[in-house]
1. Starting from a Cα-only point model with no solvent, please compute log10 I(q)/I(0) by Debye for region 30-106 at q = 0.13, 0.21, 0.23 1/Å.
2. Could you pull out the GluC sites (Glu not before Pro) across region 75-156 that fall in loop regions by DSSP (anything but H, G, I, E, B) with no more than 11 other Cβ atoms inside 10 Å?
3. Could you work out the equivalent-ellipsoid semi-axes for region 56-156, taking the square root of 5 times each eigenvalue of the Cα gyration tensor, largest first, in whole Å?
4. Between TYR113 and ASP28, what FRET efficiency comes out of the Förster formula 1/(1 + (r/R0)^6) with R0 = 41 Å and r the beta carbon distance, rounded to 0.05?
5. Among ASN139, GLY21, PRO76, flag the residue with its Cα farthest along the positive direction of the charge dipole of region 15-152, charges on Cβ as +1 for Lys/Arg and -1 for Asp/Glu.
6. Just to confirm the filter: which trypsin sites (Lys or Arg not before Pro) across region 99-156 are DSSP coil and have at most 15 other Cβ within 10 angstrom of their Cβ?
7. Using Cα springs under 10 Å in a Gaussian network model of the chain, which residue among GLY87, GLY114, GLY31 shows the largest mean-square fluctuation?
8. Which value, in debye to the nearest 20, describes the size of the charge dipole of the chain about its Cα centre when Lys and Arg Cβ atoms bear +1, Asp and Glu Cβ atoms bear -1, and nothing else is charged?
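Taken together, the values in this text are just the output of simple stated rules run on the coordinates, not laboratory data. What you are looking at is a predicted structure, and each value in this text was computed from that prediction instead of being measured. No Cβ is skipped: glycine too gets one built from the backbone with ideal geometry, and neighbour counts run over all protein chains shown.
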Amino acid sequence: MTTRLQPGDPAPDFTLPSDTGESVTLSDLRGSSVIVYFYPAAMTPGCTKQACDFSDSIDRLRAEGYEVVGISPDKPEKLAKFRENDGLTITLLSDPEKEVLTAWGAFGEKKLYGKIVNGVIRSTFVVDPEGKISHAAYNVKATGHVAKLRRDLGLD
């Protein structure tokens, strides 16, 4: 069973390549709140909806002190196409070895169409300015999730 993060836990640090080829390190973002979300695959309907929702909300989220980082096992080249195809304005990171996904409890057993499989568990976390988890949500729905997160954070 995958270990799940809870509010109050330190956020596991990471350095991953982005769709632009730059490396992004979570601890470099200390001092602001960071929404870290994990999704199964770029350019699939649910993941596109979720990424577009975050992109549509990014200006308001940044105005409230939040950055958004989306992580999937996709290679940076696929993420670059994802950004271009859908006009995404959030940071997309690549974790093809699934090490960060696993460290955050976002890879493991899940139900898919009634079967138990190993895969990416759609999950969202909020990391506070000190680097601790303030919100942790596993098995989130792609549609409507950003609106719910905004309500949970008191931003609406």
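1. -0.37, -0.93, -1.08
2. Filter output for region 75-156: GLU97, GLU130.
3. 23, 18, 14
4. It comes to 0.60.
5. ASN139
6. Sites meeting the loop and neighbour criteria: LYS141.
7. Maximum among the listed residues: GLY114.
8. Dipole magnitude for the chain comes out near 700 debye.
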